[in-house]
Amino acid sequence: MLKFVIDTSALTDPRLRERFKSKELWECIEKSLELMALAKVRLGFSYYATPSILKEIVGFLERSSSPPSVISKLNVWISPLSPSLDEIKIPASLFVEYVKEVRRRFDKGLRVAEESTRRAHSGGDIGDHIRTLREKYRESTRKGIVDSPSDIEAILLAYQLNAVLVSNDEGLCELARRLGVSCIDPITFFDTIEEYLRLAKS
């Protein structure tokens, strides 16, 4: 049956609150987990997440004053699993492409810093210059690129399990697809679950 690897955004995507008609994040996550559980019981779907991602989701729940029961459901329906890093083999060309992209981002970030320095030298509020620099630097170096170990582990786990990765992170999904891993956003994920349940019922 279908296997899914859950990224943090799979349960914390802001759009899901509207979809599940929930005011609080923990309520949204609880409803998400209940739907996932239904598909697990009726259709045999299975869900996995790395320990670091589960820890992140628990952190979101705790900060939203979640009842302990929701955290318990999270730990019941999503299995913690780490990728076997010493056993997974990936194409060398993917690694080369990634390094080239990181180098391109560094060069772009340097140009942003140079431009910001010129503007600051011409006058103005230094606080405004720093805020603008931070925003533009983050945009040029981090948006659309995988830059955390937990993201890499999620991709590798999905690759190892031949599972579908669920995330709204563009950079994460782009790298996953280059590796041959299917990636869907959270809205599509829950739409898919409901469609499978509907078909099974009919």
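Worth a mention:
- Flag if SER72 is of a type outside the set (A, V, I, L, M, F, W, C) and either part of a loop (DSSP other than H, G, I, E, B) or within 24 Å of the chain's Cα centre (by Cα) (or both): yes
- Residues of the range 177-193 that are within 19 Å of ALA39 (Cβ to Cβ) and part of a loop (DSSP other than H, G, I, E, B): SER182, ASP185.
- Any hit, the range 49-56, residues being under 21 Å from the mean Cα position of the chain (by Cα) and polar (S, T, N, Q): yes
- Residue pairs meeting the criteria (Cβ under 6 Å; at least 6 apart or on separate chains; first in a helix (DSSP H, G or I), in the range 24-44; second charged (D, E, K, R)): CYS28/ARG17; LEU33/LYS73
- When LYS89 is tested against the conditions (1) over 26 Å from ASP13 (Cα atoms); (2) touching a Ser or Thr at 6+ places or on another chain (Cβ under 9 Å); (3) not in a helix (DSSP H, G or I), the lone failure is (2).
- For the range 45-82, a tally of residues being more than 16 Å from VAL166 (Cα to Cα) and surrounded by 15 or more Cβ atoms within 10 Å (Cβ to Cβ) returns 8.
- In the set ARG105, ARG131, ARG138, only one residue is of a type in the set (D, E, K, R), at pLDDT below 70 and either over 28 Å from LEU179 (Cβ atoms) or assigned to a helix (DSSP H, G or I) (or both); that residue is ARG138.
The values are calculated or read from the model by the stated rules, or taken from the named source; none is laboratory data. Worth saying up front: this structure is predicted, and the values here are computed from it rather than measured. Positions of Cβ are generated from backbone atoms using ideal geometry, with glycine treated the same way; all protein chains shown enter the neighbour counts.
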